[in-house]
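To keep things clear, I will list the structure first and then write my remarks on it.
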Amino acid sequence: MTYPIELRNVSYYYSPGTPLQVAALKNINLKIGEGELAGIIGHTGSGKSTLISHFNGLLRPVEGSVIIDGEDLAKDKETLRAARFKVGLCFQYPEAQLFEETVARDIAFGPKNMKLSDEEINERVKKAAEFVGLKPELLEKSPFDLSGGEKRRAAIAGVMAMEPKVLVLDEPAAGLDPGGKNEILSMISEYKKRTGCTVVLVSHSMEDIASVADRVIVMNAGTIAMDGTVDEVFSHSAELRSMGLNVPEITRIFIRLRELGYDVPADVYSVEKGAQILREMIRRRSV
Amino acid sequence: MVRDITFGQYYAGKSLLHRMDPRMKLILTFGMIVAIFICHNFYSLALMALFAAAAVVFSGVPAKMILKSIKPVMVILAFTAILNIFYTKGGETYFEWWKISVTEKGVNTALFTVIRIIVLVVISSLLTYTTTPTMLTDAIERLLSPLKIFHVKVHTLAMMMTLALRFIPTLIEEIERIMNAQKARGADLESGGLIHRAKALVPIFIPLMVSSFRRAYELAFAMTCRCYTGGNGRTRMKQMKLHARDFITLFVCLAVVAGIIVLNHFFTRII
Ligand SMILES: Nc1ncnc2c1ncn2[C@@H]1O[C@H](COP(=O)(O)OP(=O)(O)OP(=O)(O)O)[C@@H](O)[C@H]1O
Ligand SMILES: [Mg+2]
């Protein structure tokens, strides 16, 4: 069985051999399956960005091996280059990578590096722009004239246009207003539904991850502290708190209610669902 | 990685040299560099080298760090040594073959020049090891302040220098980030000919410029918001003051220079 992403005993150090050495990843074992939407969550500095930089070979493990689509990245340069296109990585604040004269040309940068035909490139640019909700008239504008949210979309489209087998997004909603955040998140789950691709989403917001991911991987100080479904992970709220993370506020309210002796479920992650349950309880009480 | 370029190589410490007034340190460093070039023979040069060694000891900077600062000039050292050995002629001939000959004068000059460069590097690197870039620019500002009479904007220049130094690590980080982002989009930075590589830099250079300008505007706003209006009427939190240690060091340096002049006088000139 081959996995799109598999890490075996991966360790990574920044500035190795100096007094400043930081063990950013410690003996990581991770398999991400075909068509999964996995969320990676962790406190600042827990190693999330370092981890995902291994997925396309931007960082090479100091120990252990990274196997993408059944091939070890350490094999040769071609495998490494192929991994760049198999795994599309979209970094934190991706709007910093825009550089072309027009949005369309910027989105085309990745596909062009893949040496696709012009028609194919045009096709993909249109498709990706439409997908992220960029209006066609914006495509001919300079990327520097877009608003912050539009820039973010253009940058994500630039990665999507490469049509990678695995799409990895580092904090795609960071610094956006709640509306923009929800749009980006629903766009991501829509992308997964439509293409069937594997998606890895990095965030430190529990709400965001809970709303879209099937699986949650919790990073803490360079190790994988927990790995399971949303329900499994959120049921360990005390441990999460000790790692500087927190379950969504609404879940905390329900956990507290249970502690106070009310018969409510503990797996409530969205305010809508919570409100519905509470309304029902109040109705039952007043009857 | 780009990050490995060390810059403003300050080595934190509390030694005599660290605590000295940066103005005095700056002047003395310049003075002693000039003194290196006054040395005419091995005796005076030896005194200079001794002074440099003593300075290293008093700075508390480990020898390893000092050697690290000599490393980049190794090529220059080798080059000067070879040039001097083969091209300076005079005195006894040690070795001769075809058109190449090595003479006493050649060997002496080569040795002399190499030691001179090493001492120069050690002394100037001690300045940067024991003084933070901010302290250094502050000192420069204070030393150049008499130029204000000629309407030279000393404060502005010093502030520009401080800011430039402050933002070098930030820029390096930014370059790394942008490089990674473009590599993730399949940008090929490593292969191809010169033109191809130059073209490959465009996707890195443009975002860097854009973010630098943005950063500059933000910084200017932030400074204005904190009522920065240039140097006029600005006081300092850290006042520079001359202490006994600064004068003692000054006298030591003067004594070394006097010693050099005496030794130059009593022994034959080599260079
Ligand atoms: N280029 C670097 N050089 C040295 N240390 C680094 C570098 N990048 C990250 N680190 C260190 O490695 C650790 C992991 O960093 P990483 O960026 O992977 O964290 P993160 O989980 O992505 O954090 P955040 O949520 O803030 O993005 C941190 O302790 C960080 O200080
Ligand atoms: Mg990160």
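The values are calculated or read from the model by the stated rules, or taken from the named source; none is laboratory data. Bear in mind that the values here come from a model prediction, so they are computed numbers and not experimental data. Counting neighbours? That spans all protein chains shown, and the Cβs are built from the backbone with ideal geometry, glycine included. Calculation scope for accessible area: heavy atoms of the full protein, side chains included, ligands and nucleic acids excluded. Shrake-Rupley method; radii C 1.70, N 1.55, O 1.52, S 1.80 Å.
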Query raised in the report: List the pairs whose first member sits in the range B:166-188 and is more than 7 Å from every other protein chain (Cβ to nearest Cβ), whose second member is in a loop (DSSP other than H, G, I, E, B), and whose Cβ atoms are under 6 Å apart, counting only residues at least 6 apart or on separate chains?
Result: B:Ile168/B:Phe7
Report task. Please give the helices (runs of 4 or more DSSP H) falling wholly within the range B:1-113 in which 1 or more residues are under 23 Å from B:Phe251 (Cβ atoms). Result -> B:16-19, B:22-38, B:42-59
Query raised in the report: Of the residues that make up the range A:24-34, is at least one among the charged types (D, E, K, R), touching a Gly at 6+ places or on another chain (Cβ under 9 Å) and away from ligand 1 (no atom under 13 Å from the Cβ)?
Result: yes
Requested in this report: Quickly run through the range A:54-77 and pick out the residues that are without any contact (Cβ under 8 Å) to a residue 40 or more places away in the chain, within 10 Å of chain B (Cβ to nearest Cβ) and either open to solvent by less than 10 Å² (accessible area, probe 1.4 Å) or over 15 Å from B:Gly186 (Cβ atoms) (or both).
Outcome: A:Gly57
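Listed here are the residues, each with its yes/no results for (1) surrounded by 13 or more Cβ atoms within 10 Å (Cβ to Cβ); (2) on the phi > 0 side of the Ramachandran plot; (3) touching a strand residue (DSSP E or B) at 6+ places or on another chain (Cβ under 9 Å).
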residue	(1), (2), (3)
B:Ile204	yes, no, no
B:Met209	no, no, no
B:Ser212	yes, no, no
B:Ala216	no, no, no
B:Cys227	no, yes, no
B:Phe251	no, no, no
B:Asn264	yes, no, no
Report task. For the range A:107-123, name all the residues that are facing another protein chain (nearest Cβ under 9 Å) and assigned to a helix (DSSP H, G or I). Result -> A:Phe109, A:Gly110, A:Pro111, A:Lys112, A:Asn113
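Here is a yes/no grid of residues against (1) more than 12 Å from the chain's Cα centre (by Cα); (2) open to solvent by less than 20 Å² (accessible area, probe 1.4 Å):
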residue: A:Met162; (1), (2): yes, yes
residue: A:Lys165; (1), (2): yes, no
residue: A:Val168; (1), (2): no, yes
residue: A:Lys181; (1), (2): yes, no
Query raised in the report: Does any residue of the range A:137-149 turn out to be over 22 Å from A:Ile52 (Cα atoms), buried (at least 17 other Cβ atoms within 10 Å of the Cβ) and in contact with a Gly (Cβ under 9 Å, 6 or more places away or on another chain)?
Result: yes
Requested in this report: May I ask you to list the residues in the range A:30-44 that are open to solvent by 80 Å² or more (accessible area, probe 1.4 Å), away from ligand 2 (no atom under 16 Å from the Cβ) and part of a loop (DSSP other than H, G, I, E, B)?
Outcome: A:Glu34
Report summary line: Over the range A:83-106, the set of residues more than 8 Å from every other protein chain (Cβ to nearest Cβ), farther than 20 Å from A:Val202 by Cβ and among the aliphatic types (A, V, I, L, M) is A:Val103, A:Ala104
Query - Selection status of B:Thr103, touching a residue at least 60 places away in the same chain (Cβ under 8 Å) and either at negative phi or buried (at least 17 other Cβ atoms within 10 Å of the Cβ) (or both) - result: no
Report task. Return the residue satisfying two criteria in turn: it lies in the range B:15-74 and is surrounded by fewer than 18 Cβ atoms within 10 Å (Cβ to Cβ) and basic (Lys, Arg), and of such residues it is farthest from the chain's Cα centre (by Cα). Result -> B:Arg19
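A quick yes/no check of all residues on (1) farther than 22 Å from A:Met243 by Cβ; (2) within 16 Å of ligand 2 (Cβ to nearest atom); (3) under 19 Å from the mean Cα position of the chain (by Cα):
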{"position": "A:Tyr14", "(1), (2), (3)": "no, yes, no"}
{"position": "A:Val22", "(1), (2), (3)": "no, yes, no"}
{"position": "A:Ile28", "(1), (2), (3)": "no, yes, yes"}
{"position": "A:Ser46", "(1), (2), (3)": "no, yes, yes"}
{"position": "A:Lys75", "(1), (2), (3)": "yes, no, no"}
{"position": "A:Leu98", "(1), (2), (3)": "yes, no, no"}
{"position": "A:Lys115", "(1), (2), (3)": "yes, no, no"}
Report task. Taking the options A:Thr50, A:Thr44, name whichever one is within 14 Å of another protein chain (Cβ to nearest Cβ) and near ligand 1 (Cβ under 10 Å from one of its atoms). Result -> A:Thr50
Requested in this report: Please work out which one of (1) closer than 24 Å to A:Gly148 by Cα; (2) near ligand 1 (Cβ under 10 Å from one of its atoms) is the condition A:Asp106 fails and give its number.
Outcome: (2)
Requested in this report: From B:Phe58, B:Phe42, grab the single residue that is of a type outside the set (Gly, Ala, Ser), over 19 Å from B:Thr130 (Cβ atoms) and in the same structural domain as B:Lys25 (by TED's automatic domain parsing).
Outcome: B:Phe42
Requested in this report: Could you please let me know if B:Leu194 is within 14 Å of chain A (Cβ to nearest Cβ) and out of contact with any Pro (no Cβ under 6 Å at 6 or more places or on another chain)?
Outcome: no
Requested in this report: Quickly run through the range B:132-146 and pick out the residues that are more than 23 Å from B:Val61 (Cα to Cα) and open to solvent by 70 Å² or more (accessible area, probe 1.4 Å).
Outcome: B:Arg142, B:Leu144, B:Pro146
Report task. Scan the range A:78-103 for residues that are away from ligand 1 (no atom under 16 Å from the Cβ) and among the hydroxyl-bearing types (Ser, Thr, Tyr) and report the count. Result -> 2
Requested in this report: Kindly state which helices (runs of 4 or more DSSP H) lie completely within the range A:145-258 and contain at least 2 residues that are within 14 Å of chain B (Cβ to nearest Cβ) and either at pLDDT 90 or above or closer than 18 Å to A:Pro94 by Cβ (or both).
Outcome: A:148-160
Report task. Consider A:Leu80 carefully, then state whether it is facing chain B (nearest Cβ under 10 Å) and either hydrophobic (A, V, I, L, M, F, W, C) or within 16 Å of ligand 2 (Cβ to nearest atom) (or both). Result -> no
